[in-house]
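Colleague: Structure incoming, see below.
Throughout, read-outs are computed from the coordinates displayed, never taken from laboratory work. What you see is a predicted model, and the numbers here were worked out from it, not measured in a lab. Quick reminder, even Gly has a Cβ in these numbers, built from the backbone with ideal geometry, and neighbours come from all protein chains shown.
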Amino acid sequence: MKTKLQKLFLAALTLAASSQKLGINLIRVAILVIFVWIGGLKFWNYEAEGIVPFVANSPFMSFFYDKPAPEYKEYKLKEGEFDEAKHRWHVENNTYGFSRGLGILIMAIGILTFLGIFFPKIGLAGAALAVIMTVGTLSFLVTTPEVWVPDLGSGEHGFPLLTKSLRISPKLPNIVS
């Protein structure tokens, strides 16, 4: 009876160990899908224009833009809006070029992480880059003034109240998890 129970217990442990590997691989697939999706969005002008406040105010990334940080506020566009003068400003600022480069980097990180299923060392490199990207994204909470709800008289403002620009970011839930 004891050996039968031991065999059953060992079989349960073996199944749990094999399902852990399956779970990790499914997480790698999810990271691939999310990172390719988010990276692909960076090729759309509305997304490139939407990240300007984060990049322009970041001490780690602002050098990618040609215009000084406060200037972008005059050239903000609503999603789907087109204004020739504002669009020209974004072209001169390198808004679209930087965003596309960032998109390629994000997709590459997702692909490297996914490849960890087949090549663990490549997956480790992808995971390390994902951690660095996460720290960079979280740094926007400190460096971007538009992240926190401003004081407009309601009494509801500042930390921990996030503005819509960061609250709906599809990357934020993944970073937190």
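Colleague: Subtracting the Cα-Cα distance from 0.36 nm times the residue separation, let me have the gained length for F60 to T14 in nm, one decimal.
Modeller: Additional length available on full extension: 12.0 nm.
Colleague: Give me the percent relative contact order of the chain, please, defined on Cα pairs under 8 angstrom at least 6 residues apart.
Modeller: Answer for the chain is 23 percent.
Colleague: May I ask you to compute the full-extension gain from S154 to A85, defined as 0.36 nm times their residue separation minus their alpha-carbon distance, rounded to one decimal in nm?
Modeller: Stretched fully, the S154-A85 segment lengthens by 21.4 nm.
Colleague: Moving on to the next point. How much FRET efficiency would the formula 1/(1 + (r/R0)^6) give for N25 and V131, where r is the Cβ-Cβ distance and R0 is 25 Å, rounded to 0.05?
Modeller: Calculated value: 0.85.
Colleague: May I ask for the percentage of alpha-carbon pairs in segment 1-90 that lie more than 19 Å from each other?
Modeller: Counting pairs separated by more than 19 Å, the tail of P(r) holds 63 percent.
Colleague: When the C-alpha atoms of the chain are aligned to their principal axes, what extent does each axis show, in angstrom, from largest down?
Modeller: In descending order, the Cα extents are 80, 41, 28 Å.
Colleague: Starting from the Cα-Cα distance between K76 and L124, subtract it from 0.36 nm times their residue separation and give me the gain in nm to one decimal.
Modeller: Gain on extension, K76 to L124, equals 13.5 nm.
Colleague: Just tell me, in residue order, which DSSP H segments of the chain are both 27 angstrom or longer along the helix axis (alpha-carbon based) and at least -1.0 in mean Kyte-Doolittle hydropathy.
Modeller: 2-41, 95-115, 120-143
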